[in-house]
Amino acid sequence: LGTAVFDRCQALTEISVESTNPYYSSENGILFNKDKTALIRYPTEGGKKTYFIPNTVTVIESGAFDACSNLEYIVIPSSVTTIGNFVFNGCYNLISLSIPGSVTSIGWDAFFSCASLTEVNVDVKNPKYASQDGVFFTKGNKTLLHYPAGKTERSYAVPQGVTEIGGGAFEFNRTIVSVSVPEGVTAINAHAFWNCRGLR
């Protein structure tokens, strides 16, 4: 199966795989690889508000939850090490997300268009990522990776010590009016403030 083959299939409720298929499997209508170590696609209209990813999963493939607007919470187990690109793209009602200490790779724009997301929390034991007041950083807070679109504060001061603002970091936040960037920041990457309609 190629990348993003089920993207924007808005009425999709289940994906079923024959038990004899040597490469893929399904459980409760959700598509996995054969041994369920990779979650490939959660149906867009899965119906649930909370989904607990099985603890066999080590990889959440790119776009796995694309446009799953019913989901408010996705529980990621400590077995997961890799989260692909655009994984939660268009999960408009996703409220909160916790990244376990096991995750060492998160793809580009994983939280794109998560309009209701208010916080990304990272386990303090994570060797690569961190969070501060629900804002997502690299470990040591050198790069601000994501400021959730659902945060309602009207102003934000990027913490001292940050040297880089990641691509799409503030995108889709409609509430924020002002952002204070400290002297130490040397790079502001592509689309950092894209669609921040209230930014003055």
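Structure data summary
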| item | result |
| --- | --- |
| Residue that is nearest to S131 (Cα to Cα), among those in the stretch 157-179 that are crowded, with 17+ Cβ neighbours inside 10 Å and of a type in the set (D, E, K, R) | E164 |
| Residue check for I15: within 23 Å of E72 (Cα to Cα), open to solvent by 30 Å² or more (accessible area, probe 1.4 Å) and touching a strand residue (DSSP E or B) at 6+ places or on another chain (Cβ under 6 Å) | no |
| Any hit, the stretch 55-62, residues being small (G, A, S), under 17 Å from A115 (Cα atoms) and either at pLDDT 95 or above or crowded, with 18+ Cβ neighbours inside 10 Å (or both) | no |
| Subset of the stretch 27-52 (residues that are closer than 17 Å to D66 by Cβ, of a type outside the set (K, R) and either outside any loop (DSSP other than H, G, I, E, B) or at pLDDT 95 or above (or both)) | G29, I30, L31, F32, A38, L39, I40, Y42, P43, Y51 |
| Unmet requirement for T37, which otherwise passes all of (1) surrounded by fewer than 21 Cβ atoms within 10 Å (Cβ to Cβ); (2) touching a Gly at 6+ places or on another chain (Cβ under 7 Å) | (2) |
| Filtered residues of the stretch 126-145 (kept if open to solvent by 10 Å² or more (accessible area, probe 1.4 Å) and at negative phi) | P127, K128, Y129, A130, S131, Q132, T138, K139, K142, T143, L145 |
| First in the stretch 8-26 and over 16 Å from Y92 (Cβ atoms) and assigned to a strand (DSSP E or B), second anywhere and of a type in the set (S, T, N, Q) and open to solvent by less than 50 Å² (accessible area, probe 1.4 Å), Cβ under 8 Å, 6 or more apart | Y24/N33; S25/N33 |
| Of the criteria (1) touching a strand residue (DSSP E or B) at 6+ places or on another chain (Cβ under 7 Å); (2) among the polar types (S, T, N, Q); (3) surrounded by 15 or more Cβ atoms within 10 Å (Cβ to Cβ), which one S113 fails | (1) |
| Condition check for I95: of a type outside the set (K, R), modelled with pLDDT of 95 or more and closer than 24 Å to G198 by Cβ | yes |
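To keep it simple, each residue is scored yes or no on (1) within 30 Å of K48 (Cα to Cα); (2) buried (at least 19 other Cβ atoms within 10 Å of the Cβ); (3) basic (K, R); (4) in contact with a helix residue (DSSP H, G or I) (Cβ under 6 Å, 6 or more places away or on another chain).
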| position | (1), (2), (3), (4) |
| --- | --- |
| F86 | yes, yes, no, no |
| I106 | yes, yes, no, no |
| V120 | yes, yes, no, no |
| S155 | no, no, no, no |
| V181 | no, no, no, no |
| A190 | no, no, no, no |
| R200 | no, no, yes, no |
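Okay, residues lined up against (1) more than 27 Å from N126 (Cβ to Cβ); (2) not small (G, A, S):
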residue	(1), (2)
N21	yes, yes
E27	yes, yes
T37	no, yes
G47	yes, no
F52	no, yes
T58	no, yes
E61	no, yes
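The values are calculated or read from the model by the stated rules, or taken from the named source; none is laboratory data. Please read these numbers as outputs of a predicted model, since none were measured by experiment. All Cβ positions, glycine included, derive from the backbone under ideal geometry; neighbour counts span all protein chains shown. Accessible surface areas use protein heavy atoms only, side chains included; no ligands, DNA or RNA. Shrake-Rupley method; radii C 1.70, N 1.55, O 1.52, S 1.80 Å.
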